[in-house]
Structure formats: structure tokens, C-alpha cells
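Take a look at the structure below.
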Amino acid sequence: MNVLKIIEYLRGKAALLKMAFFLFLGALVLLDILLPREDAHYFVDKIYAFWTFFALAGCFLLIKISKGIAHFFLSKDEDYYG
Amino acid sequence: MDSWIHPALFFFLGALLLPLFKGKAKKGFILLIPAVSILSVALARYGMYGAYHFLGVEGLFGRVDKLSMVFAWVFVIMAFLGALYALHREEDGHHMAGFFYVGSALGAVFAGDYLTLFIFWEIMAFSSVFLIWYRKEKKSIEAGFRYLLFHVFGGLLFFAGMMLYYYKTGSFVFDSILPANASWPEYLILAGFALNAAVLPLHAWLPDAYPEASVEGAVFLCAFTTKTAVYVLARGFSGFEILAIMGTAMTVFGVCYAVIENDIRRVLAYHIISQVGYMVAGVGIGTAMAVNGAAAHAFAHILYKALLFMGAGSVLYMTGTAKLSRLGGLYKYMPLTMIFYVVGAVSISGFPLFSGFVSKSMIVSAAHHEGRIWLMQLLNLAGIGTFLSVGLKVTYFAFFGKEAAEPLQAKEPPLNMLWAMGLTALLCFIIGVFPQTLYILLPFPVEYHPYNLAHLSETMQILSFTGLVFYLLVKKLSPEVKINLDVDFFYRKGALLFMKFDEKVIAPFDTLWGELYRTLGLSALFKNAALSYAFDRKVIDGVVDGTAYSVMDSGSVVKKLQTGRIQTYIGLSLFLFFTLLWLIL
């Protein structure tokens, strides 16, 4: 199957893909700094690469807090309700 | 065109006629019904149809306007895709339940008054529960009963509100309510609607029931109940601040659970709460752009969420499990399913070129325009969680990741399922690339262009850096063989507690009472009976016997008088006559 071959091929080039991904991330930040901001009203529009920081912090906290609460008291065995 | 055939009619009639067909004709019929209903929606013209007068109430079956039409469009399209996906199912009952469910959802969307709405609302609850029961497992039967009880409760809230509203206003007309005019009746109706929209804390029925539904039933379920609720909220309650706040809370709440759940369909079910949260928030913000966003998001969401449920359903159907902890490496066996799932996942995450990008961002932008920056931040935070849970976590752990411990003998699902997924994926892509196809259906004129530099930059930063954090913390996210408590804990454990209370307190008390009755009550009763018997024998019988003897005695006297000779009778009569005459005179 063709789709399968493409996926296998890409998996073989994992290191290269990783490189490309990091370069892409850098480019995104750079692009946001260069973006015109004449109609910025709120702080979220004014700060350079605001959404980069937002995503990093937000995603990290989301994982930590959700998993933390789950381990603290939400998580139960599958037959908990019988 | 003056007359119009309500599309719900096709579904109701279709459901009743379905058992008459066999073999290929049946398959054709199952696809024909939604196809004809698409035609009926396409031919509809704005206006009021099917007004009726019943018990002094003015009812209206068909209010066809822009808001009802956008929901009707996506409902009939979804009905077709869902029917195609479920085509391999042999049981008539499953298809009939699906048809009744879709028909009643359409009935609710076109209803112009509360009474009509209520009737369809209840048919919806009672037909959809069969889609859960058709999984035919103990867990589904139980979950179905909980689902039904919860919806009956919601229906009662709605009914009570509706009746009080009638006493307040003297009318059942269902139209926009101003927040300033709202009091008890309106808030009761709102609570009934909110329960169907899975607004916190009335949400637990959804992640409890949907993951237990049949593979094909879940595809229907995820589309209609919550979105009908979004429609009625948009129609009646736009601009209610509480909806803006609760909706935003739902978006974050849903993704938090989606991050920790193990079963794919449970991840997706929690994620419905999150996505419906966007729509509820849009309705709550209440501006033209926000309500447009809610309607657009409902449209886009029905398609990509159905696509995700189809993908997860295919995995469950082919491997026998939807638990991430038991899956892995499926891309080798189900590459097409994976691609379709990923299209759904990038659509829901709001990648440019896919439908979520052009719909979700309308609501986020509406919050931005209104200066609701905190709401906007939280909605974007939920966007992060969306991509993290539905996009990355499920795709990675089901289709890539470690190979499953027990080797999975999976293949691609049947052709009809693949076609349904393919068509749905195509629609997600078309809406993403040509947003105007969706925007022309929206209730208000649209002056929104999703493809601008600032929005693209914002979206790509959020998605890409979420990807980075996932890459770094992927081990933290590995699925755990657990379930997570939710507010259904209170009624599930509460019911168990009540059963224990019944077993430990009520039942022993009942036994004690029975014992007490047997020993004290019954012996008293026996003594009483003996007394009565004696009384009966000695007193009553004595009296009765005495009477009987005197009757017998007088009888023997009379007998002597009855000689049978007519001259004696005449003589006796004359004697009596003169005696009486003498006595009277």
C-alpha cells in the first residue's frame, strides 16, 4: 500500500523531520515578530510571540494539572463501579 | 412554493416502512431516506408552515428561517453519512432508532412553540437510548438506563419551565428571551436545555453513555442531542452571561478529562463537552459574530466529531477495543482509517485549511472583539488541549507508539465505513478551504475573514508549540488503565448507597415489621376471629335459629289453615273482612 510506504519512509527520516520541525518553530516566532501590529488593542496582540509562550506554558500546565488531579483522586480502577 | 414537506416526516415514515424491505433494497432504502430529506431541506423556503390549533394552544411545526436552516442542513447531511457508516448493520431496530432520532432532532429544530419542541425533545431522548442499548453489553444497558433517567429529569425541568412560562405569558411561543425579563420559568427551561448541551454540572450523562453506545450509534449520538440543544439555546437564550462563563468553563473542563482518559471514545466524549462549550460560550457572548460562530462551529463540529467517532469506532469494530493502553502501531494495518482520523483531528484542532479553523476562530475572535480577553485566553487554552488530546495523544498512542502487547489482527473496516469517513473528511476539507460555503448559511451577515496573517500566526504558534511540549512530555501522557471520577460518581455511588441503605435498614425493618405482625398482629387476629366465631355461633346463630323456629311454628299454623278447600278460604276471608271492618269502625 502506497500510504504505508510513505509513512515508513518518513519514519526512517525521523532525525531530519525533527530538524525541520525545530526550524519551522523558529520561523514561526520570527514571523510573529515581523508581523504588522497597527490594530493591536490588547496585550495579547502587542507582545511579540505571545502565543508561543502561551502554548508552551498552557500545554505544560494542562498536562501537569490534569495528570496531577487524576493521580491525586480522580483515577480509579476500571471496575470501580462494579 | 407554498407547501413544504417537513424532512422529519421522511425519517418517521422511513423508520416504519423499513422492516418491509429486504436485502439490497433495504440498503438502498436506508440511504434514500436521508437523501430525500436533503432534497426537502434544499427546497425549503423561509416562512412558517404547519400551524395547528390544539387544546387552545397555537402550535407551529415548521419555522423555517436562517438559524433553523443551518442546523437542518448539517443534520440531514450527517444523517446520510451516519446511515452510510451504519449500512452494514443487520438489525432493523438500530436503523429505525437512528431514523427516529434524526427525525425528532429535525422536528425540534423547526418547532415554533414549546409544546411541539417538547414532544420532539422527548422522542429524541427515547429513540437515542436504543443506539446505546444496541451495543448489547451489560455496561451499555446500565449506561443507557442512566442516560434515559437523566434525560427524563431534563425533560421535566423543561416541562415545568414551559408550564410556568405559559402561566406567566399566556403563550407557548418559542422565541428569543431577553436576559432582563428572565425569571424562574425561563431559567427552568434554560436548565432543561443546558442539560442536553452537557453544560456543567449537568454533563456527566454524556461521557458516561456515549462511549458505551454501539459503534455506529455513537456516530449519530455525537451529532444530534448536544447540537439541538445549542440550537435552542441560540434561539432562546443568546446574550445570557451565564452561558458565556459556563461555556468557557466547559471548554477547559472537557480537554482536561480528554488528556487523562484511556478509552478513545471517552476522550472524544469529553471532548464533545469542550467543543459544545465553544458554542455555548458563543451563544452567551451573544453578538452577531458570536452567534454566527456558534452556528458555524456546530456545523463544522458535527462533521469532524462524527469523523473522529467513525475512526474510533472502526478501531473498536476491527480490534475489539478502543483503549489506548491496548492499542498501538495501527498505522500498519489501518492506514486509511488513520488518515481519516487525522483529518478529523486536524479539523477539530483548527489547522488552517480544515473546518475547525474557520469556525472555532469566529467565536474566539468574537470574544476578542468584545474585549473578553480572559474568555479568549481560556478558549485558546482549550484549543491547546484539543490538539494535545484528540490530535496528538490518540493518534500517537493508537496508530503509532509502541506495538500493542497482544498482536492486533486488524484490517481496514468494511467499505461503507471507509466511504463514510472519506466523504466526511472531504467535507471538513472543503469547508476549511472554501469557508464561504458555510458562511452563506449563517444566521447573520458575515464580515469575517479567517485567513489573515495575525490569525494564521496565532494559530500556528499555538498548535506547533503544543506539538513541541507533547514531544518533550510524551512519556507523561502514556495511557493508564484507569477510569476517572466525574460528577456521575454522586448518583452512581449514591444509588449504590441507597441500595445498601435499603438492604441494611429498610429491608430489615420490613422483615422486623413482618415478624412483628406475624407474632403479635396475627395472633390477635386469630383470637379476634375465635371470638367472632363464638359470638356468631352463640348469639347471631341463636337469634337466627330462634327466628327460624318461630317462622317454622307459624308455618305449621298456616299449614293447618291451608286445607285446599275453597269454601274454607272464602269463609276465612269473610271472617277476616268483618273482623277488620269491626276493628276500623
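For every residue, the table says whether it meets (1) part of a helix (DSSP H, G or I); (2) of a type outside the set (Val, Ile, Thr); (3) closer than 29 Å to B:ILE77 by Cβ.
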residue: B:ILE177; (1), (2), (3): no, no, no
residue: B:LEU188; (1), (2), (3): yes, yes, no
residue: B:ALA198; (1), (2), (3): no, yes, yes
residue: B:LEU221; (1), (2), (3): yes, yes, yes
residue: B:THR225; (1), (2), (3): yes, no, yes
residue: B:VAL230; (1), (2), (3): yes, no, yes
residue: B:THR251; (1), (2), (3): yes, no, yes
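Looking at A:GLY68, is it over 16 Å from the mean Cα position of the chain (by Cα), under 26 Å from B:VAL259 (Cβ atoms) and more than 7 Å from every other protein chain (Cβ to nearest Cβ)? Answer is yes for this residue. Scanning the range B:334-374 for residues that are surrounded by fewer than 24 Cβ atoms within 10 Å (Cβ to Cβ) and closer than 16 Å to B:VAL252 by Cβ gives B:ARG372, B:ILE373, B:TRP374. Using the structure shown, decide if B:TYR331 is on the phi < 0 side of the Ramachandran plot, touching a residue at least 12 places away in the same chain (Cβ under 8 Å), surrounded by fewer than 24 Cβ atoms within 10 Å (Cβ to Cβ) and assigned to a helix (DSSP H, G or I). It is true that B:TYR331 is on the phi < 0 side of the Ramachandran plot, touching a residue at least 12 places away in the same chain (Cβ under 8 Å), surrounded by fewer than 24 Cβ atoms within 10 Å (Cβ to Cβ) and assigned to a helix (DSSP H, G or I). Taking first residues from the range B:347-376 that are within 12 Å of another protein chain (Cβ to nearest Cβ) and partners that are among the aromatic types (Phe, Trp, Tyr) and assigned to a loop (DSSP other than H, G, I, E, B), the Cβ contacts under 6 Å between residues at least 6 apart in sequence or on separate chains come to B:ILE373/A:TYR42.
For the range B:115-125, the candidate set comprises residues that are touching a residue at least 24 places away in the same chain (Cβ under 8 Å) and out of contact with any strand residue (DSSP E or B) (no Cβ under 8 Å at 6 or more places or on another chain); within that set, the residue that is farthest from B:GLY59 (Cα to Cα) is B:ALA125.
The listed residues are B:LEU456, B:LEU463, and the only one of them that is in contact with a Pro (Cβ under 7 Å, 6 or more places away or on another chain), within 13 Å of another protein chain (Cβ to nearest Cβ) and under 21 Å from B:TYR304 (Cβ atoms) turns out to be B:LEU456. Annotation: B:TYR471 fulfils all but one of (1) within 14 Å of chain A (Cβ to nearest Cβ); (2) farther than 25 Å from B:LEU308 by Cα; (3) aromatic (Phe, Trp, Tyr); the unmet one is (2). Number of residues in the range B:474-486 that are facing another protein chain (nearest Cβ under 7 Å) and of a type in the set (Val, Ile, Thr): the value is 2. Just one of the numbered conditions (1) surrounded by 10 or more Cβ atoms within 10 Å (Cβ to Cβ); (2) within 14 Å of chain A (Cβ to nearest Cβ); (3) without any contact (Cβ under 8 Å) to a residue 60 or more places away in the chain is not true of B:PRO508: (2). For the range B:143-162, state whether one or more residues are basic (Lys, Arg) and free of Cβ contacts under 8 Å to residues at least 12 places away in the same chain. The answer is no, given that none of the residues of the range B:143-162 is basic (Lys, Arg) and free of Cβ contacts under 8 Å to residues at least 12 places away in the same chain.
Evaluate the following for B:LEU13: is it buried (at least 16 other Cβ atoms within 10 Å of the Cβ), in a helix (DSSP H, G or I) and of a type outside the set (S, T, N, Q)? Against the criterion (buried (at least 16 other Cβ atoms within 10 Å of the Cβ), in a helix (DSSP H, G or I) and of a type outside the set (S, T, N, Q)), B:LEU13 does not qualify. Listed by first and then second residue, the pairs linking a residue in the range B:271-289 that is outside the structural domain of B:TYR210 (by TED's automatic domain parsing) and without any contact (Cβ under 8 Å) to a residue 60 or more places away in the chain to a residue that is hydroxyl-bearing (Ser, Thr, Tyr) and not in a helix (DSSP H, G or I), with Cβ atoms under 7 Å apart and 6 or more places separating them unless they lie on different chains, are B:VAL283/B:SER238; B:GLY286/B:SER238. Please determine whether any residue of the range B:400-418 is within 9 Å of chain A (Cβ to nearest Cβ), within 17 Å of B:TYR341 (Cβ to Cβ) and either assigned to a helix (DSSP H, G or I) or in contact (Cβ under 8 Å) with a residue 24 or more places away in the chain (or both). Checked against the condition, which is being within 9 Å of chain A (Cβ to nearest Cβ), within 17 Å of B:TYR341 (Cβ to Cβ) and either assigned to a helix (DSSP H, G or I) or in contact (Cβ under 8 Å) with a residue 24 or more places away in the chain (or both), the range B:400-418 yields at least one hit. Restricting A:ALA20, A:ALA27, A:ALA55, A:ALA49 to those that are surrounded by fewer than 12 Cβ atoms within 10 Å (Cβ to Cβ) and either among the small types (Gly, Ala, Ser) or more than 7 Å from chain B (Cβ to nearest Cβ) (or both) reduces the list to A:ALA20.
Scanning the range B:44-61 for residues that are in a strand (DSSP E or B) and aromatic (Phe, Trp, Tyr) gives B:TYR49, B:TYR52, B:PHE54, B:PHE61.
The values are calculated or read from the model by the stated rules, or taken from the named source; none is laboratory data. Since this is a predicted model, take the numbers as computed values, not measurements. Positions of Cβ are backbone-derived with ideal geometry, glycine not excepted, and every protein chain shown enters the neighbour counts.
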